[in-house]
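One structure below.
The values are calculated or read from the model by the stated rules, or taken from the named source; none is laboratory data. Keep in mind that this is a model prediction, so the values were computed, not measured. Positions of Cβ are backbone-derived with ideal geometry, glycine not excepted, and every protein chain shown enters the neighbour counts. Side chains are part of the model used for accessible areas, which takes the heavy atoms of the whole protein and leaves out ligands, DNA and RNA. Shrake-Rupley method; radii C 1.70, N 1.55, O 1.52, S 1.80 Å.
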Amino acid sequence: MAYDRLPVCLAPILYNGWFSPLCLTLTDGIMYLLTGMNICLIEVPELNSQVLWICIPSVLILLLFLFFIRLRRQHRELDEEMGLFGKLVPENVEFDMVLKVMNMALWRINPTTRTIVYDNDYRSDAVDKAVLGQGKPLDDIYSLLAPWDRDRVEHSLESMFAGLSSEMYGIYQMREENADRYHWMETNATVMSRNAEGLPNMVVGTSTCIDLRKEMEKELLVARNRAEESDRIKSAFLANISHEIKTPLNAIVGFSDILPMAETEEEREKMVDIIKENNHKLLRIFDSVVAQSKEDAALAQETVEKSWFDIDPLLHDVLRQYAEVNKNPQIVLEGEISTGSLNIYSNKERIRTILEHFMDNALKFTKSGRVVLGSVWREGGVLHIYVRDTGIGIPKDQQDRIFERFVKLDDFVQGMGLGLSVCRSYAVSLGGRVGVSSTENIGSTFWFDLLI
């Protein structure tokens, strides 16, 4: 039985779990389902129009219900994705904040293309001038490494690229682009992913400038060395002070006790001379200790009082002073003062102290021969004063440390080892310098240069 063609409206129909637009047309009991993929022909029994109009609304209601369920599912998935995105954004902000506070740069290296890409760079001193998001040849980074660090850093990275290691840590120096200034850098790196062969195809890492930390480490090292030196000095001082003070004190006290028992005037004068000599030694010890204590307490950095005076009378006065106290007839004191009358602006007492320590050492270590105090005017406005002797001399390997505190080359010779250290401190405070040239068994020359 033939029926008239009945048009049915375009409706969404569930097909394999998805909604597809279909057009239904009924003709002579045959239903054609037309889809975008194929045409399915389904034989259906003859239907009257009344039954058809009853079934179509039911099917539409069912399809709308399924569509609603699908819509709710998509809405729930969207809410979950938005929740994850909401969590990810604060984490990225916190991550950037950590990098910024720690002055770090975050980078990625592709071992295949040998390029490095900076994702973030919060270094205060970015020596490699990173451009975020843009690849940079790895060889350009290698060229900025300090020559003494390049082989080590390059070997560590290439070992990671070859799959020999999975992590890398290093501290090295890196040069600024177009400059000769070097910065200290600290780098951590690890393999992020590998290819099918197990070789890294992405390496991630961080770098930070640690110049400030290195400066602090340097200051701490200096402070530690000072503390160790102070401890050494204290031990040496306690070891030396007892003997060095007792010796002149015993002489002063002992000869003072027997002085009234002297039978002749000659004996009395000898005892008085011995007492004066040891009194002078004791005062020199105390002067050296006080001067060194001022240096340790940084009091030596105070402004030194200076005035104008003639250096020639000072040199002759020191020479005359030691000619009087020299009791060794085998030593001849001479002067080679060629500067003549010369007015200088400096501290007279400190220069005298330097010369007295030089003369004390010369007389102490010279058994016979000559001790010469001289001065000469050199080019560049330098006053050169020296004390030359024919004593035992100083070994070459000991000449660099002779001006250190409590250094004694002969423990059997009286003295605390402070005199030459005081000379160096005074010379520096006056803007000058001291030194020595010596040959064993021939003699020594201690000198003091002062820029006028």
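Pairs are defined by a Cβ separation below 7 Å, a sequence spacing of at least 6 or placement on different chains, a first member in segment 245-264 that is without any contact (Cβ under 8 Å) to a residue 12 or more places away in the chain, and a second member that is surrounded by 10 or more Cβ atoms within 10 Å (Cβ to Cβ); the pairs so defined are 262/268; 262/271. Considering only residues in segment 195-236 that are open to solvent by 80 Å² or more (accessible area, probe 1.4 Å) and farther than 27 Å from residue 103 by Cβ, the one that is nearest to the chain's Cα centre (by Cα) turns out to be 226. Are any of the residues in segment 310-329 within 50 Å of the chain's Cα centre (by Cα) and either more than 24 Å from residue 284 (Cβ to Cβ) or open to solvent by 70 Å² or more (accessible area, probe 1.4 Å) (or both)? Yes, that holds for at least one residue. With respect to being more than 21 Å from residue 289 (Cα to Cα), in contact (Cβ under 8 Å) with a residue 40 or more places away in the chain, under 36 Å from the mean Cα position of the chain (by Cα) and not in a loop (DSSP other than H, G, I, E, B), residue 436 fits the description. Applying the criterion of being surrounded by 13 or more Cβ atoms within 10 Å (Cβ to Cβ) and part of a helix (DSSP H, G or I) to the residues of segment 291-309, the residue that is modelled with the highest pLDDT is 291.
Residues that are part of a loop (DSSP other than H, G, I, E, B), of a type outside the set (A, V, I, L, M) and open to solvent by less than 40 Å² (accessible area, probe 1.4 Å) within segment 350-394 comprise 366, 381, 391, 393, listed in sequence order.
Pairs linking a residue in segment 159-177 that is in contact (Cβ under 8 Å) with a residue 12 or more places away in the chain and open to solvent by 50 Å² or more (accessible area, probe 1.4 Å) to a residue that is in a helix (DSSP H, G or I) and among the aliphatic types (A, V, I, L, M), with Cβ atoms under 6 Å and 6 or more positions apart or on different chains, are 175/144. Which residues, counting only those in segment 318-341, are farther than 16 Å from residue 388 by Cβ and either assigned to a strand (DSSP E or B) or in contact (Cβ under 8 Å) with a residue 60 or more places away in the chain (or both)? Answer for segment 318-341, where residues must be farther than 16 Å from residue 388 by Cβ and either assigned to a strand (DSSP E or B) or in contact (Cβ under 8 Å) with a residue 60 or more places away in the chain (or both): there is none. Residue 404 passes every criterion in (1) surrounded by 20 or more Cβ atoms within 10 Å (Cβ to Cβ); (2) assigned to a loop (DSSP other than H, G, I, E, B) apart from (1).
With the condition kept exactly as written, say whether any residue in segment 199-210 is assigned to a helix (DSSP H, G or I) and of a type outside the set (A, V, I, L, M). Let's see the steps before the verdict.
The first filter runs over segment 199-210 and keeps only residues assigned to a helix (DSSP H, G or I), leaving none.
No, because not a single residue in segment 199-210 is assigned to a helix (DSSP H, G or I) and of a type outside the set (A, V, I, L, M).
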